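Visitor: Take a look at this one; I'll ask things after.
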């Protein structure tokens, strides 16, 4: 009898120890397009694991499932789910369609410049005729550029890639330091943005120094200048050209391969380039505001008039408190509708930027989110930037239509 009682006790304790579904998983449900897509491919999507999260400033809504996450993009109104190899999307008639992650349907926004389903794409990303160049791209957006230019002729690692972290406050780990060893090419931003990189490189013996592409040095800027050079189309062109040149010097046997990859990338930047041209031609001199200096170069590129006090944006960028006068000026610009929209850095968030964001919402001023690094779900540099530009265009259209 005692043995039987012990057995029951063991079973009871084991049952109590079993993990139970989280409260959010038990109570959440899929609705709308998310529910429709899941109903057609339930084994792919899985079941709901959390509440839907709306990121209006990023133009998306997401919801986690047991097998990944469902995504809705306001850019094109498409609901999708991906397993990393294939993507299932709802077409305009509400039917699930499947494609490769490196393709797009005609009804989808295609900022990446990827081939349309059913149409031939460029003959790129084939096997490398030589050994691949080992590359460390400090920021993930530079990793995207070098991977597209290098194809299978590069082997790339990166450090700054967390979409929820503020890169200005980053401190490298021991693993980050080790990632420099063996790199033949290091691509860094410079301008104080990632100064830990130069500090690490300075510890290497002269005969072990890798080739370096420093974006700030390349475009002729010095520490103290706005470090967000990847938000300037002109600077990006220079950075791409420098990466191509360095790869060809390091691996001359793959020169033709790199040239073909780079030529294809030129075409894949077409949506990015056309959106810049459209905004600058239709909305030049439109007054806008920004919570941080990340948008300064893009405002210049698109011809928008960024009227936020420069000292305010610089202080936020450096982690300092803006002056009371600059805060008051910014608040007045929002309350008086002196700005048509607010550009909000989603990775440099403080109580002050949240207050300004709320104030803009209360005054019906559209908000456009931008990020320091490529966010989750972004496939390419140009796709990430084109998505932000499309959201910017839509916000400008909305703002001017209501004024």
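The values are calculated or read from the model by the stated rules, or taken from the named source; none is laboratory data. All values reported here derive from a predicted model rather than from experimental measurement. Don't worry about glycine lacking a Cβ; one is built from the backbone with ideal geometry, like all the others, and counts go over all protein chains shown.
Visitor: In the list 235, 257, which residue meets the criterion of being more than 25 Å from residue 346 (Cα to Cα), in the same structural domain as residue 181 (by TED's automatic domain parsing), in a helix (DSSP H, G or I) and touching a residue at least 60 places away in the same chain (Cβ under 8 Å)?
Guide: Answer to the selection: 257.
Visitor: Against the conditions (1) touching a strand residue (DSSP E or B) at 6+ places or on another chain (Cβ under 6 Å); (2) within 30 Å of residue 311 (Cα to Cα); (3) surrounded by fewer than 22 Cβ atoms within 10 Å (Cβ to Cβ), where does residue 132 fall short? Just the number, please.
Guide: With respect to (1) touching a strand residue (DSSP E or B) at 6+ places or on another chain (Cβ under 6 Å); (2) within 30 Å of residue 311 (Cα to Cα); (3) surrounded by fewer than 22 Cβ atoms within 10 Å (Cβ to Cβ), residue 132 is out only on (2).
Visitor: Looking at the stretch 234-263, which of its residues are crowded, with 19+ Cβ neighbours inside 10 Å and closer than 22 Å to residue 110 by Cα?
Guide: 236, 240, 261, 262, listed by residue number.
Visitor: Checking the condition at positive phi and exposed (fewer than 14 other Cβ atoms within 10 Å of the Cβ), which residue from 46, 68, 59, 77 passes?
Guide: 77
Visitor: Additional query: Check whether at least one residue in the stretch 345-360 is under 24 Å from residue 111 (Cβ atoms) and in contact with a strand residue (DSSP E or B) (Cβ under 7 Å, 6 or more places away or on another chain), and report yes or no.
Guide: Yes, the stretch 345-360 has at least one match.
Visitor: While we're on this one: Please tell me if residue 58 is in contact with a strand residue (DSSP E or B) (Cβ under 7 Å, 6 or more places away or on another chain) and closer than 26 Å to residue 269 by Cα.
Guide: In short, yes.
Visitor: When residue 315 is evaluated against the numbered criteria (1) surrounded by 17 or more Cβ atoms within 10 Å (Cβ to Cβ); (2) in contact with a strand residue (DSSP E or B) (Cβ under 9 Å, 6 or more places away or on another chain); (3) under 29 Å from residue 189 (Cα atoms), which criterion, by number, is the only one it fails?
Guide: Every condition holds for residue 315 apart from (2).
Visitor: Oh, and also: Answer with yes or no whether residue 93 is at pLDDT 95 or above and in the same structural domain as residue 189 (by TED's automatic domain parsing).
Guide: no
Visitor: Determine, yes or no, whether residue 322 is closer than 28 Å to residue 158 by Cα and surrounded by 13 or more Cβ atoms within 10 Å (Cβ to Cβ).
Guide: For residue 322, the condition - closer than 28 Å to residue 158 by Cα and surrounded by 13 or more Cβ atoms within 10 Å (Cβ to Cβ) - is not met.
Visitor: Looking at the stretch 290-299, is at least one residue surrounded by fewer than 17 Cβ atoms within 10 Å (Cβ to Cβ), under 23 Å from residue 229 (Cβ atoms) and at pLDDT 95 or above?
Guide: no
Visitor: Being under 26 Å from residue 313 (Cα atoms), without any contact (Cβ under 8 Å) to a residue 24 or more places away in the chain and assigned to a helix (DSSP H, G or I) is the filter here, so list the residues in the stretch 196-228 that pass it.
Guide: The answer is 198, and nothing else.
Visitor: Over 30 Å from residue 41 (Cβ atoms), modelled with pLDDT of 95 or more and surrounded by 14 or more Cβ atoms within 10 Å (Cβ to Cβ): is that true of residue 141 in this structure?
Guide: yes
Visitor: Within the stretch 81-89, identify whether any single residue is outside the structural domain of residue 354 (by TED's automatic domain parsing), part of a loop (DSSP other than H, G, I, E, B) and modelled with pLDDT of 95 or more, and answer yes or no.
Guide: The answer is no; no qualifying residue exists.
Visitor: Look at residue 119 and say whether it is part of a strand (DSSP E or B) and out of contact with any helix residue (DSSP H, G or I) (no Cβ under 8 Å at 6 or more places or on another chain).
Guide: Here the answer is no, as residue 119 does not meet what is asked.
Visitor: Let me ask another. Mind listing whichever residues of the stretch 39-61 are over 24 Å from the mean Cα position of the chain (by Cα) and touching a residue at least 40 places away in the same chain (Cβ under 8 Å)?
Guide: 40, 41, 44
Visitor: While we're on this one: In the stretch 83-98, what residues are within 24 Å of residue 389 (Cβ to Cβ) and either in contact (Cβ under 8 Å) with a residue 24 or more places away in the chain or crowded, with 20+ Cβ neighbours inside 10 Å (or both)?
Guide: Answer for the stretch 83-98, where residues must be within 24 Å of residue 389 (Cβ to Cβ) and either in contact (Cβ under 8 Å) with a residue 24 or more places away in the chain or crowded, with 20+ Cβ neighbours inside 10 Å (or both): 87, 89.
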